[in-house]
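A quick write-up on the structure given underneath.
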Amino acid sequence: MKYKGWLLPPALRDFHEGRIWLREHSPIAEQDLNQAIERNYFNIIEGIQQTPHLKCNRCHNDNPQQFTTFDCSKCRQLCVYCRHCLAMGRVSSCTQLVVWRGPRAIRPTRHLLAWTGQFTELQQQATDEMLESVKVKRSHLVHAVCGAGKTELLFPVVHFALQEGLRVCIATPRTDVVLELFPRFHKVFPRTTIHALYGGAPQQQGYAQLIMATTHQLYRFEQAFDVMIVDEADAFPYIFDETLKRAVHKAKTAEAPILFVTATPSQKLLNQYQNSSYSFIPKRYHNHPLPVPRYSSLWGYEKKLKKGVIPLKLKKWTEDRLTQKEPFLIFLPKVELVDIAVSIFQALHSDILAVHAEDPERKEKVLKLRNEEIPGLLTTTILERGITIKNVQVAVVGAESSIYTSSALIQIAGRVGRNIAFADGDVVFFHHGITVEMDEARAKIQYNNKIGFSL
Amino acid sequence: MNKKETHCLLCAQLLQSEPSWKTLLTKQFPPCICKKCASRFEHAPSPTALYQYNDAMKDYLHQYKFLQDVALAKVFRQELQDQFKHEKSPIIPIPMHPLKQKERTFSHMEELLKAAKIPYIQLLEKTTAETQSSKNREERLQTASLFQLLPSVTVAYKEYVLFDDIQTTGTTLRHATEILLQAGAKNVRSFTLING
Ligand SMILES: [Zn+2]
Ligand SMILES: [Zn+2]
Ligand SMILES: [Zn+2]
């Protein structure tokens with residue numbers, strides 16, 4: 001039943017524009033949603049497409065292994081659902097996805113960029129090049145070493161796009177990075193509505209012209225963004241999941257450029273952009289070289305740790321940090337080793353803590369290290385990127401392990417010496433044998449230093 | 001539901017493929033979760049339940065019931081089959097209220113048995129769509145019966161086995177047992193997936 005006097009609630013449009021959403025999960029009052037559907041404000045799409053082949057219309061998964069068929073009590077027939085994007089609310093044959101096609105939300109074109117920092121010459125050049133690419137809607141790769149001031153680099157281009165009335169997304173594979181970026185952008189763009197989207201994020205009000213999201217959240221958007229920025233493009237799990245790449249493309253408009261920003265671009269990305277639209281910042285903003293990792297053999301470390309003994313060199317390294325009061329991170333290749341090691345290290349100093357991916361107190365513990373409340377942290381690769389701690393010293397134990405790709409090692413080394421007052425520091429690869437990845441990481445860091453200081 | 005899993009249903013790790021002769025000879029289901037995930041579940045010491053409630057089980061129930069991942073009905077199919085294959089008495093899974101079942105799109109208890117290829121019957125229906133967990137203990141003890149007999153079914157003078165997911169206060173199973181006994185059952189036993 002249509003009733004006169006129904007006005008489209010702005011909140012409905014603000015929320016649904018650009019999103020592909022489960023009808024039954026809309027945060028909008030059901031009555032309003034039904035009215036809007038009746039007035040053709042939405043495209044209604046079946047959750048699972050059967051022909052020409054099985055495909056989830058939300059996440060675009062089409063791997064037959066990731067679908068399950070069952071006897072559905074709702075539609076009373078055989079029903080198929082997608083297990084790939086299950087955590088965002090199940091999409092099945094009998095669920096409907098709604099895509100807004102009504103009038104567009106109002107996009108303000110006056111945005112304040114409240115930032116007074118100064119760019120180095122290299123940074124300035126990179127931002128100019130990015131702007132140039134965005135103006136002609138061309139995708140672009142920014143290759144900036146750890147500590148080059150990657151986030152600041154984005155300010156001018158984001159500001160430009162917002163002023164043009166474009167909708168911008170900054171996507172990153174990791175929730176930690178979203179949580180780190182959001183307050184910084186919030187401060188710099190005080191008049192802009194920004195939403196931060198990640199698993200478990202709170203409901204946020206209004207229409208966000210700027211969105212920071214984990215790449216997973218992009219499944220829930222469709223042709224929404226006019227500029228797509230992919231931060232840490234190489235980070236786990238982005239490189240492993242083809243569907244996440246498809247999500248990036250699906251979430252943006254057809255002609256929207258993608259800006260890739262990373263310290264460790266894959267060879268594929270380099271090949272694609274190096275000769276066309278590519279900015280390279282081989283030097284840190286503070287004009288000091290990147291700390292070069294040193295090698296130190298630590299034979300049989302795993303056995304020793306499991307026996308409850310810290311290998312001698314590692315013990316000495318840790319004690320040196322403690323006496324010199326330098327905050328430290330010790331990376332271990334397995335969660336189980338972190339669990340074993342923490343109690344042994346606590347014998348050296350009772351305040352040493354451990355973190356891993358599933359640790360709910362991860363943020364608090366990192367904060368404690370930053371605030372100098374604890375001397376050091378044992379960690380898995382989860383802390384390889386995104387964190388900045390003044391004067392931090394880093395040891396990678398078991399640097400030969402296969403999880404330490406050259407990119408991971410470069411990112412880990414990139415934690416050190418980021419602060420201008422402590423521009424140097426120790427990065428040590430404790431190993432049980434030297435790998436190609438270790439050598440590659442060190443060679444790339446040395447190469448960047450060479451290029452950076454020959455310019 | 002019958003397809004062979006190549007990846008662990010819980011952690012998506014690639015599954016070590018078992019030689020097919022083994023599953024053929026022993027008539028076992030091929031594994032659908034990895035060894036690591038399997039080891040997180042804790043067997044119950046009780047003869048009337050398979051598992052203890054723990055973090056792994058909490059995650060499992062969340063994904064199975066709340067996220068509606070019907071595929072997870074297969075996770076315990078081997079253990080359930082081993083438990084029930086020699087069962088002589090008819091098995092009755094605790095039913096859901098029709099509205100709840102439509103909302104969840106499946107009956108989680110029936111799907112567990114279907115996945116294990118265990119035949120079952122249904123004699124009961126739920127009279128209320130309210131959940132037990134939304135009530136406090138007193139309310140739970142005082143509620144009128146949660147079940148009634150399905151129209152036009154007969155309860156024979158024999159033993160029945162009720163099957164539920166988790167036993168906390170026992171109210172659900174007690175109510176179902178009473179209805180069956182009143183209708184003429186000789187005896188009612190119960191078995192749960194999880195010890196509360
Ligand atoms: Zn999907
Ligand atoms: Zn259905
Ligand atoms: Zn597993």
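Okay, here's what the table says:
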| quantity | calculated |
| --- | --- |
| Per-region count, region A:84-100, residues hydroxyl-bearing (Ser, Thr, Tyr) and either more than 10 Å from chain B (Cβ to nearest Cβ) or touching a Cys at 6+ places or on another chain (Cβ under 7 Å) (or both) | 2 |
| Counted residues, region B:29-68 - those being within 14 Å of chain A (Cβ to nearest Cβ) and β-branched (Val, Ile, Thr) | 1 |
| Only one of A:Pro183, A:Pro156 that is free of Cβ contacts under 8 Å to residues at least 12 places away in the same chain, open to solvent by 10 Å² or more (accessible area, probe 1.4 Å) and not hydroxyl-bearing (Ser, Thr, Tyr) | A:Pro183 |
| Residue count, region A:417-439 (criterion: among the β-branched types (Val, Ile, Thr), open to solvent by 30 Å² or more (accessible area, probe 1.4 Å) and within 14 Å of A:Tyr404 (Cα to Cα)) | 3 |
| Condition met for A:Thr69 (assigned to a strand (DSSP E or B), free of Cβ contacts under 8 Å to residues at least 12 places away in the same chain and either more than 16 Å from ligand 3 (Cβ to nearest atom) or under 30 Å from A:Thr192 (Cα atoms) (or both)) | yes |
| Condition broken by A:Gly47, with the remaining ones in (1) within 16 Å of ligand 3 (Cβ to nearest atom); (2) in contact (Cβ under 8 Å) with a residue 40 or more places away in the chain satisfied | (1) |
| Selection from region A:323-341 of residues that are at pLDDT 95 or above, of a type in the set (A, V, I, L, M) and open to solvent by 20 Å² or more (accessible area, probe 1.4 Å) | none |
| Filter pass, B:Gln78 being open to solvent by 20 Å² or more (accessible area, probe 1.4 Å) and within 21 Å of B:Leu173 (Cα to Cα) | no |
| Members of region B:83-108 that are over 14 Å from the mean Cα position of the chain (by Cα), away from every other protein chain (no Cβ under 14 Å) and open to solvent by 30 Å² or more (accessible area, probe 1.4 Å) | B:Lys85, B:His86, B:Glu87, B:Lys88 |
| Sole exception among (1) outside any helix (DSSP H, G or I); (2) on the phi < 0 side of the Ramachandran plot for A:Arg76, by number | (2) |
| Qualifying positions in region A:87-112 - away from ligand 2 (no atom under 16 Å from the Cβ) and not in a loop (DSSP other than H, G, I, E, B) | A:Ala87, A:Met88, A:Val98, A:Val99, A:Trp100 |
| Residue match in region A:65-86 (condition: more than 16 Å from ligand 2 (Cβ to nearest atom), open to solvent by less than 70 Å² (accessible area, probe 1.4 Å), in contact with an Asp or Glu (Cβ under 9 Å, 6 or more places away or on another chain) and at pLDDT below 95) | yes |
| Evaluation of A:Gly117 against (1) away from chain B (no Cβ under 11 Å); (2) buried (at least 21 other Cβ atoms within 10 Å of the Cβ) (one fails), failing number | (2) |
| Any hit, region B:114-124, residues being more than 24 Å from B:Tyr51 (Cα to Cα), more than 13 Å from every other protein chain (Cβ to nearest Cβ) and among the aliphatic types (A, V, I, L, M) | yes |
| Selected residue [at pLDDT below 95 and under 25 Å from A:Asp339 (Cβ atoms)] from A:Ser406, A:Ser402 | A:Ser402 |
| Where B:Ile92 falls short, out of the listed (1) at pLDDT 95 or above; (2) of a type in the set (A, V, I, L, M, F, W, C); (3) part of a loop (DSSP other than H, G, I, E, B) | (3) |
| Tally of residues being away from ligand 1 (no atom under 11 Å from the Cβ) and small (Gly, Ala, Ser) across region A:49-101 | 2 |
| Count of residues meeting criterion [open to solvent by 40 Å² or more (accessible area, probe 1.4 Å) and either within 14 Å of chain A (Cβ to nearest Cβ) or modelled with pLDDT of 80 or more (or both)] in region B:1-28 | 14 |
| Sole exception among (1) away from chain A (no Cβ under 14 Å); (2) farther than 25 Å from A:Glu358 by Cα; (3) in contact (Cβ under 8 Å) with a residue 40 or more places away in the chain for B:Lys74, by number | (1) |
| Flag if A:Ala399 is open to solvent by less than 10 Å² (accessible area, probe 1.4 Å), over 26 Å from A:Asn287 (Cβ atoms), small (Gly, Ala, Ser) and touching a helix residue (DSSP H, G or I) at 6+ places or on another chain (Cβ under 6 Å) | yes |
| Filtered residues of region B:125-181 (kept if polar (S, T, N, Q) and at pLDDT 75 or above) | B:Thr127, B:Thr128, B:Ser145, B:Gln148, B:Ser152, B:Thr154, B:Gln167, B:Thr168, B:Thr169, B:Thr171, B:Thr172, B:Thr177 |
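The values are calculated or read from the model by the stated rules, or taken from the named source; none is laboratory data. These numbers come from a predicted model, not from an experiment. No Cβ is skipped: glycine too gets one built from the backbone with ideal geometry, and neighbour counts run over all protein chains shown. These area figures cover heavy atoms from the full protein model, side chains too; ligands, DNA and RNA do not enter into them. Shrake-Rupley method; radii C 1.70, N 1.55, O 1.52, S 1.80 Å.
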